[in-house]
1. Could you list, in sequence order, all residues of the stretch 214-243 that are farther than 22 Å from residue 302 by Cα and touching a strand residue (DSSP E or B) at 6+ places or on another chain (Cβ under 6 Å)?
2. Quick one: which of 122, 93 is among the polar types (S, T, N, Q), touching a strand residue (DSSP E or B) at 6+ places or on another chain (Cβ under 8 Å) and at pLDDT 90 or above?
3. Assess whether residue 331 counts as being at pLDDT below 95 and surrounded by fewer than 16 Cβ atoms within 10 Å (Cβ to Cβ).
4. Do you know which of the residues in the stretch 421-445 that are of a type outside the set (Lys, Arg) and in contact with a helix residue (DSSP H, G or I) (Cβ under 8 Å, 6 or more places away or on another chain) is farthest from residue 488 (Cα to Cα)?
5. Return the only residue of 408, 315 being open to solvent by less than 50 Å² (accessible area, probe 1.4 Å) and either of a type outside the set (Val, Ile, Thr) or closer than 22 Å to residue 434 by Cα (or both).
6. Being under 26 Å from residue 161 (Cα atoms), touching a helix residue (DSSP H, G or I) at 6+ places or on another chain (Cβ under 7 Å) and surrounded by fewer than 21 Cβ atoms within 10 Å (Cβ to Cβ) is the filter here; which residues of the stretch 109-132 pass it?
7. Quickly run through the stretch 334-365 and pick out the residues that are over 13 Å from residue 456 (Cβ atoms) and either surrounded by 16 or more Cβ atoms within 10 Å (Cβ to Cβ) or in contact (Cβ under 8 Å) with a residue 40 or more places away in the chain (or both).
8. Might you check whether a residue that is among the acidic types (Asp, Glu), assigned to a loop (DSSP other than H, G, I, E, B) and modelled with pLDDT of 95 or more occurs anywhere in the stretch 363-377?
Amino acid sequence: MHVRYAGWMETIAESHFEDNRRTPNKGEIQPNFHVICSGLTTRNFESKRKYAVLYSVFMRALIIENNAAYQDMLAHTLAEQGFDTDTGDSIESARSHADTRKYDIICVNQELKDGPGEEFVSFCNAHEQQKDTPILFLTENAGLVADELSVRVDGVIHELNEQQIENQIVHFIDRHLDPVFFEGRILLVEDDEEVAIDILDQLKQTGYQVTYFNSADDASAEFDAVTVYGSHADAYDLVITKIIFKSGMQGDDLVARIRSYEDGRGFIPILAIPDKNNDQRRISLYRAGVNDFLPKPILPEELLVRINNLITNKRLLDKVHDIRRELFALATTDELTGCQNRHSLMEYSGKFVSQARRHEYPISMLVIDLDHFKAVNDNHGHAVGDLVLKLTGELLISSFRDGDLVARYGGEEFVVLMPYCDSENARDKAEKLRNDIENLKPNGLDITTSIGVTTIEAGSSQDFEAMFHAGDQGVYAAKDNGRNQVVFVTLD
C-alpha cells in the first residue's frame, strides 16, 4: 500500500490511494505505507535553479533595498545564481510586487523609505502567494539574528561590505536550499504505533520522503528489493529502526543484515531507537554498525537534528564518490565515442588477460578498423567523420556485454576484449558486427570495416601484446584481401 501526505504540487499530482484507503490521521496509522513529507520547497527550488542555468528559465527574486548600490549588487549576485529580479525601495512598492507574482526568494532591508522592513516581512508571512517563500533580511546591525525578530525570516544578511553580502547570499542558497541538506529518503521501522505516529508527524513539515514498516522482516525485504544506492534518486539515505520488536526479526538482526551488503547499501547510516539507555548495549550496537541513537522520550528538535546530520554527511559523501566516478570516467572514456580510451585499454587489458590465464578460461579480441575513413574526412568534412566515429562507438557499446572491454585505440581503430569467449563465438560476434556496421549508414554514407580476430584459449600462456599483434595482423590481412571482412589469426 502506498499513501502520501500531500504537500507540494508534484506531491499532490502523484498522490494515489489503493483499495479506497485514505491518508492516516494522527491517532490512526496503517503500516507499510509510503509518505512524502513536504514543507519548504527545497526540491522544487533546486530543480528550477538547475533549469535556470541550463535553459535560461529564470526564477524570480524580489529585492526591496533603499540603497541603489546594494540593490544593483544584489540583483547581479542573484542573476548569477539563476534569478530574474524585481526591485523596490519601499513597503508600498514591495506589496505591489508581492501581489503581482509568486517569488522564489525575497531580500528585504531592515530600514525602508516608508517604514521598517519587518512590516513587509509580516505582510509576506501572511500572504497566500509568499508565505512559503524564503526571506533574507538585510541589516547593518552585525549582531542581529533571526530569532530576535518578531517575524519569520529564513536568514539574516549583515551589510558589512559588498563581497561579504554576496558571499552570505550564495552560502544561504547553497546551504539552505540545496536538497543535499534538506531532502532524503528514510526507511522507518517501528512497531510501536504511538512512537511511529510521533516521528511521522515531526517529519511532515520537512522535505524527507519516508517509507514506514512496523516489521523488521518487511523492512528487510523492502531494503533488499531497492538495489540502488548512493546518490541515486530511489536510494535510501537513512534507516531509523527500533531494536527490540514484539515478534519476528529484531533490530540488531536488521542492522547486521544491512551491513552485510557488499555494495553501497551496506554503508547507509542507521539511527537506532534503543530499548533502554544501557552503555554496554549502545557500545555493542555501535560495533554492529549503528551510527547514532535516538533516546526516548524523543525530542522533536533532537530527532530532526540527528536525522539532518546523518543524511547531510551521507549525501556529502555521495557527492565525493560521484565526483570521483566522474573524474575516473573523464580519465578513462573517449569523449567522442563513449568507449574506453587507449589509456584505459592499456591499463586494464593486461589484467583481463592475466585473469583469463589464472582461471583458465578463453578470452578473445577484436581489432576493428573502419575502411577508407580518411576519404570520409577529406570528402565530407571532420564533422561528418566525427559522427561516423560516434555512431560506431555507440553501436560497439550496445553490441557487447557489460563485462567486455570496448575501447577506441586511436583514430578509426577500436579494440574489444571479451572474457569467457572462445574462437568460434568470437568469429560469430565479429561477423555480426561487420554486418551491423555495413548497415549503419551514418549520415547516409556506406561505411565498412575490416576486423582482425584472435583468441587465447584456456590454458594458454600468451599475453596481451601477442594477442594485439595477432589481431592487428588480421586487420592488415582483411584490408589486403579487399576490406569489409573478418580474418581470424591463430596464436602460435
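The values are calculated or read from the model by the stated rules, or taken from the named source; none is laboratory data. The shown structure was predicted, so the numbers you read here are calculated from the model rather than taken from an experiment. We place every Cβ from the backbone using ideal geometry, glycine too, and count neighbours over all the protein chains shown. Protein only, heavy atoms only, side chains kept; ligands, DNA and RNA dropped before computing areas. Shrake-Rupley method; radii C 1.70, N 1.55, O 1.52, S 1.80 Å.
1. If the condition is that a residue be farther than 22 Å from residue 302 by Cα and touching a strand residue (DSSP E or B) at 6+ places or on another chain (Cβ under 6 Å), then 216, 219 are the ones that fit.
2. Answer to the check: 93.
3. Considered against the rule, which asks whether it is at pLDDT below 95 and surrounded by fewer than 16 Cβ atoms within 10 Å (Cβ to Cβ), residue 331 comes out as yes.
4. Step by step, filter the stretch 421-445, then rank; the result is 443.
5. On inspection, the qualifying residue turns out to be 408.
6. 110, 111, 114, 115, 119, listed by residue number.
7. If the condition is that a residue be over 13 Å from residue 456 (Cβ atoms) and either surrounded by 16 or more Cβ atoms within 10 Å (Cβ to Cβ) or in contact (Cβ under 8 Å) with a residue 40 or more places away in the chain (or both), then 334, 336, 337, 338, 339, 340, 341, 342, 344, 345, 348 are the ones that fit.
8. Yes, because at least one residue in the stretch 363-377 is among the acidic types (Asp, Glu), assigned to a loop (DSSP other than H, G, I, E, B) and modelled with pLDDT of 95 or more.
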